[in-house]
Amino acid sequence: LVRLVAVIRDISRQRELDRLRSDFVSAVSHELRTPLSLIKGYAGTLLREDLTLPPETQRRFLAQIDAAANRLQRLINDLFTVSRLEAGRLELQPQVTDVAALVRKVAEGVQQVADQRIQVRLPLMPLQARLDPDRIAQVLDNLLGNAIKFSPPEGTITVSAALEGEGDWVHLWVEDEGPGIPPQHLERIFEKFYRVERGMVRKASGVGLGLHICKSIVEAHGGKIWAENRPEGGSAFHVRLPVAGPPKEPAAPAQA
């Protein structure tokens, strides 16, 4: 009987994995098709010789093309990162980094394509840590992008940074004003391919990779990532990173 129950559980897990993979393929197809269609549509209009568009309209069309191209770039970066994770080849390039400047830079880039206001809260004191700035920027970009998907257009998204403990941890967190995360999903949202519909104001997109990538990058730094619902509404995603940097790889044994 015990073996039968174990077999049934294995079959259920396999079916769930197959379903998630199928949903993933469908989501990737949608995520690629949507911005490509937008780029093709706006570019085609701009190239029509029989139309004379006002400069303001041309700039608006070009801004839409740029936003769609950025969306494609993020998706491709995520897919590339996952392929490296699967192959066990995610390499970090840690260096002493001005964390406050990194947070500002990512927030400013996201603000250009966000309807919501991006608010940045940073300490007055210098905030430095040894980390891979490109990878942590990828984490922040994913967390802010996630907050944008689930927040109303008129809302505010806040990204904050602070030192914790005795100054040996950096705490980064992103807060949104969305509907929050159903409690039963909080433990699973960092799984690969896992997506949650949160009853948001507008339909969310995504392929279920962003949070999984964030978790992998943060843990490779020796840090921790988690999510929670805010008492006043919305959700918050937290990242804690060691100031000293990622754990060092054990030295390879000397050759005889």
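Since every read-out is calculated from the coordinates, none of them should be taken as a lab result. What you see is a predicted model, and the numbers here were worked out from it, not measured in a lab. Please note: Cβ atoms are built from the backbone with ideal geometry, for glycine as well, and neighbour counts cover all protein chains shown.
Summary of computed values
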read-out: Segment 61-200 shape via C-alpha gyration tensor axes, a/c threshold 1.5; value: rounded
read-out: Interchain or long-range residues, amide H under 5 Å from Trp169's placed H; value: Glu164, Val243
read-out: Those lysines that a straight Cα-Cα span of less than 22 Å connects to Lys224, excepting residues fewer than 8 apart in one chain; value: Lys192, Lys215, Lys248
read-out: Extension reserve of the Gln58-Lys105 stretch, reckoned as 0.36 nm per residue once the Cα distance is removed; value: 14.2 nm
read-out: Burial ranking of peptide ranges 169-181, 77-89, 106-118, 136-148 (average Cβ count within 10 Å, highest at the top); value: 136-148, 169-181, 106-118, 77-89
read-out: In nm, spacing of pseudo-spin labels at Leu122 and Glu154 (7 Å Cα→C-beta vector); value: 3.1 nm
